[in-house]
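This report refers to the structure that appears directly beneath it.
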Amino acid sequence: MTILVEKHAGYRQITLNRPERLNALTVEMGSALLDALDEAEGDESCRAVLLTGAGRGFCAGQDLSEVSGDTDLAQVLDHYNRMIRKLRVLPLPVVCAVNGVAAGAGANLALACDIVLAARSASFTQAFAKIGLVPDCGGTWFLPRLVGAARARALAMLAEPVPAATAAEWGMIWQVVDDDRLMDEAHRLAARLATQATQGLALTKRALDGAETNDLDRQLDLERVLQGEAGRTPDYAEGARAFLEKRPPVFSGRRR
Ligand code: T3D
């Protein structure tokens, strides 16, 4: 099994599982990841996803033994693009626990997630330049937005590994965590997100993604539409009622 799925109360852990290859991606693995995300979305009791890697690496990017000079890389990317788009439109928060090296497509797979934690020993490398390729899986889009144009260009062209602590300092990821605490912290975060207002979080994802291309006028319009939707959810009714009753809210996460 190249992908493992474990069900926890309120969320699913999806583990990239080719540890002997540092979880390098194959086409089969990409399809299995897409299926796992589809299944998480289809399960009303699943309100968050935790993505991580088995063994000492998170993901070393495309499995280079699976591609040859004859491979049409544009077709490989069709496949990856479905994976990245799915993570971005998934109406559930995705926590990524980067347990070790994240290189090439593996680094950008992590950056496509909503909240990224990394073990102190982990690193992020835009490995593409080392083999004559262009950063993919959204790397050319995520990186400049996260770390600014100057750092994005240098990272893309030099393929230098960025240690987890630097990634956190630069705003590439949310937090760096000591290695032995990474998974506890990631589970704590996923479990917390799973008790929040699921639809509100899904609409927040849409708003933040919209903001990447909208001017202020369009973004204000988008916020108006999305807030209208949020305001019709049972969780908003519960959140407001709980505030007025001075008690913690109990969100159902109901999608409809
Ligand atoms: O289809 C397309 O090509 C287009 C799409 C491209 C997207 C991309 O992701 S391009 C970038 C591909 N990834 C890389 O270039 C990274 C290659 N890996 C590395 O540079 C190093 O492995 C790391 C820096 C990530 C880690 O180094 P280290 O020393 O900790 O581990 P290692 O010994 O290199 O790797 C452990 C094993 O995993 C090793 O196998 P072995 O010798 O024990 O049998 C190594 O060959 C294997 N491995 C690591 N990365 C890949 C891989 N096997 C296949 N593909 C890999 N990407």
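Residues that are within 20 Å of LEU90 (Cα to Cα) and either touching a helix residue (DSSP H, G or I) at 6+ places or on another chain (Cβ under 6 Å) or among the β-branched types (Val, Ile, Thr) (or both) within region 35-65 comprise LEU37, CYS46, ARG47, ALA48, VAL49, LEU50, THR52, listed in sequence order.
Against the definition (in a strand (DSSP E or B), more than 16 Å from the ligand (Cβ to nearest atom) and small (Gly, Ala, Ser)), how does ALA97 come out, yes or no?
Numbers: in a strand (DSSP E or B): yes; more than 16 Å from the ligand (Cβ to nearest atom): yes; small (Gly, Ala, Ser): yes.
Yes; evaluated as a whole, the condition is true for this residue.
Residues satisfying the criterion are present in region 162-176 (criterion: in contact (Cβ under 8 Å) with a residue 60 or more places away in the chain, within 30 Å of GLY55 (Cα to Cα) and either in contact with a His (Cβ under 8 Å, 6 or more places away or on another chain) or not small (Gly, Ala, Ser) (or both)).
Out of curiosity, is GLY104 at pLDDT 95 or above, surrounded by fewer than 20 Cβ atoms within 10 Å (Cβ to Cβ) and either in contact with an Asp or Glu (Cβ under 8 Å, 6 or more places away or on another chain) or on the phi > 0 side of the Ramachandran plot (or both)? Considered against the rule, which asks whether it is at pLDDT 95 or above, surrounded by fewer than 20 Cβ atoms within 10 Å (Cβ to Cβ) and either in contact with an Asp or Glu (Cβ under 8 Å, 6 or more places away or on another chain) or on the phi > 0 side of the Ramachandran plot (or both), GLY104 comes out as no. A count restricted to region 14-64 and to residues that are within 19 Å of CYS137 (Cα to Cα) and acidic (Asp, Glu) stands at 4.
Filtered by the rule that a residue be within 14 Å of the chain's Cα centre (by Cα) and either open to solvent by 40 Å² or more (accessible area, probe 1.4 Å) or over 26 Å from THR71 (Cα atoms) (or both), region 8-28 gives ARG12, GLN13, ILE14, THR15. Looking at region 145-162, is at least one residue under 20 Å from VAL89 (Cα atoms) and of a type outside the set (Phe, Trp, Tyr)? Yes, there is a match, as at least one residue in region 145-162 is under 20 Å from VAL89 (Cα atoms) and of a type outside the set (Phe, Trp, Tyr). Checked against (1) within 13 Å of GLY138 (Cβ to Cβ); (2) open to solvent by 30 Å² or more (accessible area, probe 1.4 Å); (3) within 11 Å of the ligand (Cβ to nearest atom), ASP72 passes all but condition (1).
I need the full set of residues from region 29-59 which are open to solvent by 10 Å² or more (accessible area, probe 1.4 Å) and in contact (Cβ under 8 Å) with a residue 60 or more places away in the chain, in order please. Those that are open to solvent by 10 Å² or more (accessible area, probe 1.4 Å) and in contact (Cβ under 8 Å) with a residue 60 or more places away in the chain: GLU44, ARG47. Regarding MET172, is this residue among the hydrophobic types (A, V, I, L, M, F, W, C) and part of a loop (DSSP other than H, G, I, E, B)? When the stated conditions are applied, MET172 passes them. When ASP114 is tested against (1) more than 10 Å from the ligand (Cβ to nearest atom); (2) surrounded by 23 or more Cβ atoms within 10 Å (Cβ to Cβ); (3) not hydrophobic (A, V, I, L, M, F, W, C), only condition (2) is not met.
Scoring ALA54 on the criteria (1) within 14 Å of the ligand (Cβ to nearest atom); (2) more than 21 Å from ASP184 (Cβ to Cβ); (3) at pLDDT 95 or above leaves a single failure, condition (2).
The values are calculated or read from the model by the stated rules, or taken from the named source; none is laboratory data. Everything quoted here is computed from the prediction, not taken from an experiment. Quick reminder, even Gly has a Cβ in these numbers, built from the backbone with ideal geometry, and neighbours come from all protein chains shown. Accessible surface is based on the protein model in full, side chains and every heavy atom, while ligands, DNA and RNA are left aside. Shrake-Rupley method; radii C 1.70, N 1.55, O 1.52, S 1.80 Å.
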